Amino acid sequence: MPLVPVTALTQYIGKSLGHSAWLTIDQQRIDRFAEATGDHQFIHVDPQRAAQTVFGCTIAHGFLTLSLIPALIEDILVLPQGLKMVVNYGLDSVRFIQPVKVDSQVRLHVELADVQQKRPGQWLLKAIATLEIKDEDKPAYRAESLSLCFV
């Protein structure tokens, strides 16, 4: 994670911070997410039935792909020097644009959208997180992710 002086954070607003590494979304990951959440809809966990749909295969849960933000953003998001911890502060908006088919590769593109001091020693960072799908024109989603940094 890149660390910069708190006073320099605003210089990154509106700028691309880069991409994560590619990650393959395989059926095992989808099945584990279904087990953890209780969402066993056939489109996610039944390859034979899912093959009969317009997608032609199983697809990842939207919330599975969204849950990847913390892991994928970790090495990209610029954070303040003196950082003690970062907590997930939520999302301002999310739009699922295209499903992620099983065995697709995805990566996260991050742009810093806003920086606000919430109180002394607490900085709220809003990042535009776009999950790209390899060899697809449209991303899986675009989300405004919020991280609260304690310095």
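Miscellaneous remarks
- Spatially, segment 126-151 and segment 12-74 are offset by 14 Å when compared through their Cα centroids.
- Segment 36-109, relative contact order in percent, only Cα pairs under 8 angstrom and at least six apart counted: 32 percent
- Counting only alpha carbon atoms, the long axis of helix 27-37 and the longest principal axis of the chain meet at about 70°.
- Think of the chain as having a plus end and a minus end, set by charges on the Cβ of Lys, Arg, Asp and Glu; of Leu108, Met85, Leu68, Met85 sits farthest toward the positive end of this dipole.
- Projecting the Cα atoms of Gly18, Trp123, Pro139 onto the charge dipole of the chain, computed from C-beta unit charges around the Cα centre, puts Trp123 farthest toward the positive end.
- Cα-Cα P(r), the chain, percent of pairs per 5 Å interval: 2, 10, 18, 20, 17, 12, 9, 7, 4, 2, 0, 0
- Contact order normalised by residue count of the chain, Cα under 8 Å, 6+ apart, percent: 30 percent
- Where only C-alpha atoms are counted, convex hull volume of segment 6-94 per residue in Å³: 146 Å³
- Each peptide among 123-135, 23-35 gets the average number of other Cβ atoms lying within 10 Å of its residues, and from highest to lowest they stand as 123-135, 23-35.
- With a Cα cut-off of under 30 Å and a minimum spacing of 8 residues unless on different chains, the lysine pairs in segment 49-151 number 8.
Values in this text are rule-based calculations from the coordinates and carry no lab data. All values reported here derive from a predicted model rather than from experimental measurement. Quick reminder, even Gly has a Cβ in these numbers, built from the backbone with ideal geometry, and neighbours come from all protein chains shown.
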